[in-house]
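Beneath this line is the structure, given in structure tokens, with notes to follow.
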Amino acid sequence: MPHPVTLQLPPQQVAERIRASVPEAVRSITEQFIVLEPAHAYEAMHVIRDDEMLDGKFLVQMCSVDRINAIEVVYHFSSLAQNHIFEAKVPADHERPVVPSIASLWVGATLQEREIYDMMGVEFTGHEGLTRLFLWDSFPGYPLRKDFMALPGGQKPGLSQFPKQVGGQSGGEFRPRHPGTGE
């Protein structure tokens, strides 16, 4: 019978399983997660999904972290059959972050990769239809990066003026007249 509480799979075990198939894929191991080599991350993700012991068939979530000198893409996996969770990270260059897409392995990664691309500027190679998800195509910069406030060309993020600073506007024209009715 499976353990009644979901367990954190030790990163050492995850690394051993991946190294058995792709020896050069694991860059480092910490107490909480493994770090994968970007060049071999896609092959390692295959192992995570298809290995019987890892059984990472459920991609819980993807996110990214700006470490100032690098961008990390973070993957959280769960095995419903094995009742465990584990985490993997793939580092990328801060100036031009590129990571292989895993959307062909987990369909749920499609929108998550688009969100990370839109907010952090990580390019996912092999992703079909990698376009901005929330912001328009000509939006300057990536709002979740720590250097976002220092946009190139002297541009500043956000609105150039708040509605109350524009003559004749109070800001109320942006609120519904009758909340809850759509009017």
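The values are calculated or read from the model by the stated rules, or taken from the named source; none is laboratory data. In this text, all values refer to a predicted model and were calculated from it rather than measured experimentally. Every residue, glycine as well, gets a Cβ built from its backbone with ideal geometry; the counts of neighbours run over all protein chains shown. Note: areas computed on protein heavy atoms with side chains; ligands, DNA, RNA excluded. Shrake-Rupley method; radii C 1.70, N 1.55, O 1.52, S 1.80 Å.
General remarks:
- One residue from 133, 80 being over 22 Å from residue 43 (Cβ atoms) and in contact with a strand residue (DSSP E or B) (Cβ under 8 Å, 6 or more places away or on another chain): 80
- Boolean, residue 68 is touching a Lys or Arg at 6+ places or on another chain (Cβ under 9 Å) and modelled with pLDDT under 95: yes
- Count of the range 57-70 residues, restricted to those that are in a strand (DSSP E or B), without any contact (Cβ under 8 Å) to a residue 60 or more places away in the chain and in contact with a helix residue (DSSP H, G or I) (Cβ under 9 Å, 6 or more places away or on another chain), is 5.
- Every residue from the range 77-97 that is open to solvent by 50 Å² or more (accessible area, probe 1.4 Å) and touching a Phe, Trp or Tyr at 6+ places or on another chain (Cβ under 9 Å): 80, 85
- Qualifying positions in the range 103-146 - at pLDDT below 95, more than 16 Å from residue 92 (Cα to Cα) and open to solvent by 70 Å² or more (accessible area, probe 1.4 Å): 128, 134, 136, 137, 138
- Tally, over the range 1-56, of residues that are open to solvent by less than 20 Å² (accessible area, probe 1.4 Å), hydrophobic (A, V, I, L, M, F, W, C) and in a loop (DSSP other than H, G, I, E, B): 4
- Filter pass, residue 75 being of a type in the set (Ser, Thr, Tyr), at pLDDT 95 or above and in a strand (DSSP E or B): yes
- Failed criterion for residue 91 (all others in (1) touching a helix residue (DSSP H, G or I) at 6+ places or on another chain (Cβ under 8 Å); (2) of a type outside the set (A, V, I, L, M, F, W, C); (3) in a loop (DSSP other than H, G, I, E, B) hold): (3)
- Taking first residues from the range 73-93 that are over 13 Å from residue 34 (Cα atoms) and partners that are aromatic (Phe, Trp, Tyr), the Cβ contacts under 8 Å between residues at least 6 apart in sequence or on separate chains come to 78/58; 79/58; 80/58.
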